[in-house]
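The values are calculated or read from the model by the stated rules, or taken from the named source; none is laboratory data. These figures come from a predicted structure and were not determined experimentally. Using ideal geometry, Cβ is built from the backbone for each residue, glycine included, and neighbour counts are taken over all protein chains shown. All accessible areas refer to the heavy atoms of the entire protein, side chains included, with ligands and DNA or RNA removed. Shrake-Rupley method; radii C 1.70, N 1.55, O 1.52, S 1.80 Å.
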Amino acid sequence: MGVIAIGSIITGTGSFLPETRLTNQMLEQMVDTSDEWIVQRTGIRERRVAVDMQAIDVALPAAQRALDDAGRKAEDIDLIIACTVTPDSFTPTLSCALQDKLGAKHAFAFDLSAACSGFVYATDVADSYLRCGKAKCVLIVCAEVLSHLIDYTDRTVCCLFGDGAGAAVYEWSDTEDGILGTYMRSDGKNGNALFAPAFAAENPLAMPRENKTSHYLHMDGKTVFRFTARAVPDAIDGVLQQAGMDISQVDWIVPHQANMRILDMVIRRYGLPAEKVFSNLEHVGNTSSASVPICLDEMRQQGLLKNGQTAIFVGFGGGLTYGAVLIRL
Ligand code: COA
């Protein structure tokens, strides 16, 4: 008798990038930087910015595309999880705004805040709901308008981040095994290395930390880089161990797109062919939680993902948070 496979599978993906491009050449006119510095240190050549748009405006088309790709209607969704560090309001949440705009009348909705690890954490939550039978169809939407958080006179951050949204539909399958392992970790001790206050400095009572003068994003790049160099291999090794697999059984690594040097480190450490580690960093930049689902959607559109292949999604960033998911596609 054969092994019966059951699990959480991705049935649809969608993404949305705003039209306006911000190239390295344009940044050269805004701050003391150069295309050469940015490309050498990060691999990024351009990013998109959501001019006159809010998080809901990038989230909605990505969500709708994922539902269409899955062949699902809004009424089929049981749960919406939205991930964002740039919500339009604390309440209502982005997920509830999406529930309304999509017309997902049977869904309950909440936001999950894990910065660049958002999609990976949300996948773990979706898998848990599907696994225990409390949901059959979960929509995850990761949407970021990071340009709202960026001081475009601060060269240490303005060349890194971009805007966009990615979404995925997860469903329970009685015939496919889908998610094979998840591995989540946090490092709150070093959280201030990537810091965006909830309120601006004008309200002293609301300031959660000292020495912060605005609502802008601050990053201690070196500390975050050192964290990432530890976190990414720990996440990959951890999820492989959990699934009882080794790296040779994995077809794709889909990491959060923060820096080309981090992706190169993964390639070298695991002796992988470069094309197994997907990257769209060059034209999208770092879109925080949206980066992994945008990659997935690009990969599906390019016909790269084949049924039965395996992939590891890796998230790492603000919190500090990190984690990985191992999935059979
Ligand atoms: N253009 C030109 N020079 C710049 C610059 C820019 N955009 N940004 C910083 N510099 C300068 C610095 O001021 C510094 O100058 P100094 O030596 O005179 O002080 C020099 O370049 C080196 O800066 P440093 O911060 O040490 O560079 P780096 O090699 O660490 O690269 C990052 C910076 C941000 C690219 C890198 O630290 C990084 O990728 N960090 C991790 C990001 C990440 O993983 N994020 C995940 C979560 S979102």
Average Cα contact separation per residue, the chain, under 8 Å, 6 or more apart, as relative contact order %: 26 percent
Eligible aspartates and glutamates near Lys73 by straight Cα distance, threshold 18 Å, same-chain separation 8 or greater: Asp100, Glu171
Charge dipole of the chain about the Cα centre (unit charges at C-beta), most positive-ward option of Ser279, Gly12, Leu139: Ser279
Cα-based convex hull volume of the chain per residue, rounded to whole Å³: 136 Å³
Rounded tilt (10° steps) of 118-131 against the dominant C-alpha axis of the chain: 20 degrees
Restraint check, Lys105/Lys134; Lys189/Lys222; Lys222/Lys276; Lys136/Lys276, Cα-Cα greater than 21 Å: Lys222/Lys276; Lys136/Lys276
Bridge type composition, the chain - antiparallel percent by DSSP, nearest 5: 70 percent
Hull volume in cubic angstrom per residue (convex hull over the Cα atoms of region 1-98): 183 Å³
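To the nearest 0.05, what FRET efficiency results for Lys134 and Glu36 with a Förster distance of 51 Å applied to their C-beta separation?
The formula returns an efficiency of 0.50 here.
With the other protein chains left in place, how much accessible area per residue, in square angstrom, belongs to the chain at a 1.4 angstrom probe?
44 Å²
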Nearest-0.05 FRET efficiency for Gln301 and Asp174, computed from C-beta distance (R0 25 Å): 0.35
Degrees separating the helix 221-243 axis from the principal Cα axis of the chain, which is the longest one: 0 degrees
Principal-axis tilt of helix 55-70 within the chain, Cα atoms, nearest 10 degrees: 20 degrees
Solvent-accessible area, 1.4 Å probe, carbon plus sulfur percent, for the chain: 49 percent
Most fluctuating residue given options Ala55, Ala104, Ala231, as computed from a GNM of the chain linking Cα atoms under 10 Å: Ala104
